[in-house]
Each structure stands twice: as C-alpha cells, then as structure tokens.
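**Student:** Quick one: this structure, given as structure tokens, is what I'll be asking you about.
Since every read-out is calculated from the coordinates, none of them should be taken as a lab result. Everything numeric in this text was worked out from a predicted model, so none of it was measured. No Cβ is skipped: glycine too gets one built from the backbone with ideal geometry, and neighbour counts run over all protein chains shown.
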C-alpha cells in the first residue's frame, strides 16, 4: 500500500504533517509506504527534528503550493507543480493508492471530482462529517457541502455510501440510516425530504430507520444521517462552533472535547474510485496521523470494491 | 390591552400557566387585562393556591382541549369549544388583542394562518427562534419551520419581519441581517441562497451584512439570521439539544444554561395582523410570564403597525 500525503496542506505544514507521519509510522506494523509530497528541503529540515524510519517513505518534491484562499479550479489548472496537483496525478496514474491533504478544500474537491473517476453508478460523490455521540462512537452526517443542491436520488446514494463507510471504517455492523427532517412522522418535511423518504424506504441496501430531527443529530439515534449539502454544512459548522464556545467558557468536558473536529483529521470523498481524504485547515499531528489511519483502513477493508459492488448490484 | 392566554396548553397546564400569570401580574404596572381561557374549575382551583389580583383577569371557560398529538387542522375544526379555537375566535373578533398558547403547535400555526389575516403584502408569515449569544443578547433565526420550502422572495420578507422584531422587541437599533449560507463570499450557496442574496442586497428596508456560516449562528455576527424553514428547524432543534447534553454532562454554565429554550417562552408568528405567540410544550411559569411580557411589548411598541407600514411603503 502506498499512501500519499500533501505535506504543504494545513496551517501548520509541513512541521505538523511530519510529526503526524512520525506518530503514524511509530505504530505502523503493516507494510504501508508513504509518499510525502511537498517542498523537499522544508520536509527534510522537519525530519531532522522528527526522525522518520528510513525505507518507510519517499519524498516527492513539489515546487508549488496552492494557498488556502486561491480559486480551486484556476489554481489546480495553473499550478501543475503544486503538491495537490502532483498528488492527484500520482493517484490517477496508479503510482499511489490514496491521497490525503489538509490544504485548499475546494482544490481537493475539484481534484477528486475531475482527476479521479467517479464509481460507476454514482451520480454525485459526497463528503460526510463525523458527529460525536455520547456513547463515544461517531455518527456520520452526509452530505456536508459538496452538494449544495441535492436531488432525492443523490440523497438515496449518500445513504448507501455513508452506510458502507460507517460499516467498514466506523465499525457499525448494520448502521441505521436516518433522514434529517423537521419532524419524525412520514410525510413531514420539504419536498426534497418527502421525496427522499420514499426512496430510502424502498432501498434494500440500507437499514432505513425513518426521519430524525435536529435534536437527534448528536445522539445515537442513527449511525448515518442523510441530508442535502446545504443543511449538512450549516449543521457541521454549528457543531464545530460549540467546541469554540466551550473553550471560551473554560469548559473541559470529555464529551464536548470531542467536538474539536480537528482531531478526526478529515473525511473521505465517498463515491470516487480511490481514497481521497480532505483534512481540516487547522490540522495538528494527530489529525495527520488519523487521516493516515483512515486511508489505511479504507485500503485494508477494500472499501472502494465494496462500494463498486454495491452500485453494480 | 387585553391579552388572552390558553391555560390548557403545555405539559404542566394549567398549574404552571396560573403561576406564570401570578408572576406577570405581580410586576405588571400597566393596565393589561388578561383573558384566561380553559377549564374554569381547574383554573380556579389553581388560583386558590396561587392567588391572582382580582380585576386584572377574566376567565373564559373552554369545554375542550386540543391535545398535543392531535391533527392540527382536524382538531381545530372539530373542537370549536377548545381553548385554542376560542382563543382565535376572540382574537379574530377583536375581543382580545393578542393570543398566547403553549399547546398544540400545529393547531396554533393553522389558527394563526387561517383565523387571523396576513398583513397585506406579506406572502408567507414566519416563525423565528431566539439564538443565545455570548454577549447576553438574543439573535433571531427566521424561519424555523413554518415554511419548509421557501422561495427567495419569502426569505427576503422574513428578513424585514425579523428586523422589525429584533428592533422593537429585542432592542437592537439597526439590526444586521445575515443570510445563513455555506460560505461567506457572495455567489456561494445553493440556488435558493444565491437568489436570496441578490434580493437582500437590494432591500433598503434592512441592514444586510452578507452571508454568515453555521459557525456564526451562535455568535454576535448578525442580529437577524435568515434561512429556509427546513434548515432553520434543524438548527433550532440541534441548538436545543446542546442544553440537554450539558445537563447530562452535569455542566452548569451561565451561557449554556441560556440554551434552555424553554425560558424564552415562545416566539410570535410574524406577518399576521395580530400578536400570536406559540410556546414550547415544556413550559413552566417563567415561560408563560415571558410570553405575556413579549405580547405586551408587541402591543406597546405597535409592532403590527410598524410591520404594516413597512409592507405598504
């Protein structure tokens, strides 16, 4: 397995990326090889203070960096020597098996959608977000912004993609799918939710539980929570802000600390043919380490094959 | 001023409603007269333990109660002797000036929309919710569920209605309006948000600030936050659930305690010709008292006239 990591992405790159790699490799008993993409000199300087086991990694030099505020499509087209562009080229060409970056989110989305093929049958790939539950596990909210305008058939597919991720990566045997809605009863909701309900009910590839409300998103009511990308994005950012408020209020609580979304490291783009993980801009070493672990698990569990099978069948 | 209160609405009626009336009247230096609608015997029993100053109230007996789980339209039509139906009849007939209930939310919405005229020019009335801010003030999120499917021109009007409420009731001089969106830049968002942005930008009746994100909803970034009723409902219920989590985690924090939405007592239906306030099912005396205070303020500030002027001009 060869997992590529953009060393220049995120607010504390490449220092924290190197630290994360060191932490990952320290616990790595498998034969994962890492491809570290970025400014070679800067990376090597960081390695001097955070030594990495030789033989476990290769550095691929990138002349350029796509900055956080650059226009995604334009930057990706014009900066062919950027770490993100190189990352997608290596992945698309089969030189690596997965690609991770905490850099420009838009560029990562564009790259995932246009460099990597969408799995046959998938209408629109999606991005989910973890939702911390009081039982210590993680729910998955999907979509959280890749699809601002979604159709019922999109949401129906997000439910399948999310269920497979929840099962193989988050460890739920038969994850329950909830449709985010404004009431519990069937028939409630806006036109999108009403039409989606009918599709989810008939979908035998998922374990559909019914509607869930906003109050259920942070509970264990459903493992996979489906909504359009507009609603999901607002919910995700609201949930993120709760952690900021607890910090400002000097509240140190084990559960609320899990609202520090940075620790999860990022979420994969689901529905594209290869693992692509998009990290949070504010990523410290633990985030990079966790993204590497997720990518490894996605490869080990053959998640992409599971998704392909599901959309063929 | 004659404010009518449904004494049978809410989980702890009529006991807590009577207590709330007692607390309100104890501080009432104005000449507000209250019309208490409900089962006369039950109300009078409660008054024996919570004496009310004679002359400040009249009891109007109601034979029936619309239960929380009844179908709104059906119940309102069939139970003409219910406290809610009587309340709307008195208000529509000009016998009272405002109506408050913590009973069946759907029946209250249906009653407000069909018994009380919509103000001329208002396409769709709306319901907002308070959002607690760290500066101790309250933001207003509008719509939170009356309009699951909203059009850009609806959201544009919600912004006007919300601004007038924020100014006259919540005390903001020139409230800033933020459009809830998935990014800050103009041009972001789903089709609805993009189209709404253009309308808000041209709307000279409001102080439009631009887009706000989910992370800004619980901050002081905008006093009036506009979104479709689906998104708003999910956000409101998510925010309500935060308080439940803090309670389960035994967190006692002055700010997070303000996420106990019950204390605000309820929010008015904005855009109908007379003050109608819909309370939370779980309403204790403070909720009833606060709803009475809000109704009084709506009458004192002539909010309905302010809204009419705004939609004529």
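**Student:** When the distances between all Cα atoms of chain A are binned every 20 Å from zero, what whole-number percent does each bin get?
**Tutor:** Per 20 Å bin, starting at 0, the Cα pair percentages come out as 34, 57, 9, 0.
**Student:** For B:70-80, what's the mean count of beta carbons from other chains sitting within 10 Å of each residue's beta carbon?
**Tutor:** Numbers: counts 0, 0, 0, 0, 0, 0, 0, 0, 0, 0, 0.
That works out to 0 on average.
**Student:** I've got another one for you. Mind running the shape call on the range A:126-261? Use the C-alpha gyration tensor, a ≥ b ≥ c as the square roots of the eigenvalues: rounded below 1.5 for a/c, prolate if a/b tops b/c, oblate otherwise. Present the calculation step by step, with values, prior to reporting the outcome.
**Tutor:** Values: a/c = 1.95, a/b = 1.57, b/c = 1.24.
Verdict is prolate for the range A:126-261.
**Student:** A further question on this structure: State, as an integer percentage, the relative contact order of the range A:126-261 based on alpha-carbon contacts under 8 Å between residues 6 or more apart. Could the numbers behind the result be given before it?
**Tutor:** Values: 250 pairs, mean separation 45.6, N = 136.
Worked out over the range A:126-261, it gives 34 percent.
**Student:** From the label point of residue B:77, set 7 Å from Cα along Cα→Cβ, how far away are the matching label points in the other copies, in nm, ordered shortest to longest?
**Tutor:** Nearest to farthest, the other copies are at 5.8 nm.
**Student:** Shifting gears a bit: Roughly what % of DSSP beta bridges within the protein assembly as shown run antiparallel, to the nearest 5? Mind showing how you got there, number by number?
**Tutor:** Values: 20 of 78 bridges.
Approximately 25 percent, going by the DSSP bridge assignments.
**Student:** Let me ask something additional. Antiparallel as a % of all DSSP beta bridges within the range B:124-262, to the nearest 5? Each step should come with its number before you reach the end.
**Tutor:** Details: 5 of 16 bridges.
Of all bridge pairs located within the range B:124-262, approximately 30 percent are antiparallel.
**Student:** 7 Å along Cα→Cβ for the label point: how many nanometres lie between residue B:249 and each equivalent label in the other copies, listed shortest first?
**Tutor:** Between copies, matching label points for residue B:249 lie 0.8 nm apart.
**Student:** Continuing with this model, one more query. Once each part is reduced to its C-alpha centroid, what is the distance from the range A:1-61 to the range B:169-213 in angstrom?
**Tutor:** 43 Å
**Student:** What is the helix-to-structure angle for B:303-312, meaning the angle in degrees between its Cα long axis and the longest Cα principal axis of chain B, kept from 0 to 90 and rounded to the nearest 10?
**Tutor:** Computed tilt is about 40 degrees.
**Student:** Hey, another quick one. For the range A:90-155, what is the Kirkwood estimate of the hydrodynamic radius, computed as the reciprocal of the mean inverse distance between distinct Cα atoms, to one decimal in Å?
**Tutor:** Numbers: mean 1/r = 0.0715 Å⁻¹.
The Cα-based Kirkwood calculation yields 14.0 Å.
**Student:** Between residue A:42 and residue B:250, how many nm apart are label points set 7 Å from Cα along the C-beta direction?
**Tutor:** According to this spin-label approximation, the distance is 4.7 nm.
**Student:** If you don't mind, another one. Regarding the protein assembly as shown, what are the three Cα extents along the principal axes, ordered largest first, in Å?
**Tutor:** Here the spans come out as 90, 47, 41 Å, largest first.
**Student:** If you stretched the chain out fully between residue A:78 and residue A:50, how much longer would it get, using 0.36 nm times the residue separation minus the C-alpha to C-alpha distance? Let's see the in-between values first.
**Tutor:** Working: separation 28, 0.36 × 28 = 10.08 nm, distance 3.28 nm.
Difference between extended and current length: 6.8 nm.
**Student:** Hey, another quick one. Could you work out the relative contact order of chain A, using alpha carbon pairs under 8 angstrom and six or more residues apart, expressed as a whole percent?
**Tutor:** On the way: 660 pairs, mean separation 72.7, N = 313.
Relative contact order for chain A comes out at 23 percent.
**Student:** Right, here's the next one. For helix B:105-115, what angle does its Cα long axis make with the longest principal axis of chain B, in degrees from 0 to 90 and rounded to 10?
**Tutor:** On a 0 to 90 degree scale, this one is about 90.
**Student:** Going by alpha carbons, how many degrees (0 to 90, nearest 10) lie between the helix axis of B:83-92 and the longest principal axis of chain B?
**Tutor:** 70 degrees
**Student:** Please find the FRET efficiency linking residue B:134 to residue A:29, where r is the Cβ-Cβ separation and R0 is fixed at 51 Å, and quote it to the nearest 0.05. Intermediate results must be reported in sequence, preceding the final value.
**Tutor:** Values: r = 46 Å, r/R0 = 0.91.
The pair residue B:134/residue A:29 has a calculated efficiency of 0.65.
**Student:** Taking the Cβ-Cβ separation of residue A:174 and residue A:282 as r and a Förster radius of 51 Å, what is the calculated FRET efficiency to the nearest 0.05?
**Tutor:** Step by step, r from the Cβ atoms, then E = 0.90.
**Student:** 7 Å from Cα along Cα→Cβ at both residue B:61 and residue A:257: what's the point-to-point distance in nm?
**Tutor:** 6.3 nm
**Student:** Suppose a student asked you for the relative contact order of the range A:59-133, using Cα pairs under 8 Å spaced at least 6 residues apart; what percent would you report? Show your work: numbers first, answer last.
**Tutor:** Details: 72 pairs, mean separation 21.9, N = 75.
With pairs under 8 Å counted, the relative contact order is 29 percent.
**Student:** Take every DSSP beta bridge with both residues inside chain B and express the antiparallel ones as a percent of the total, to the nearest 5. Show your work: numbers first, answer last.
**Tutor:** Details: 10 of 39 bridges.
About 25 percent, rounded to the nearest 5.
**Student:** For the range B:98-145 and the range A:62-139, what is the separation of their C-alpha centers, rounded to whole Å?
**Tutor:** 42 Å
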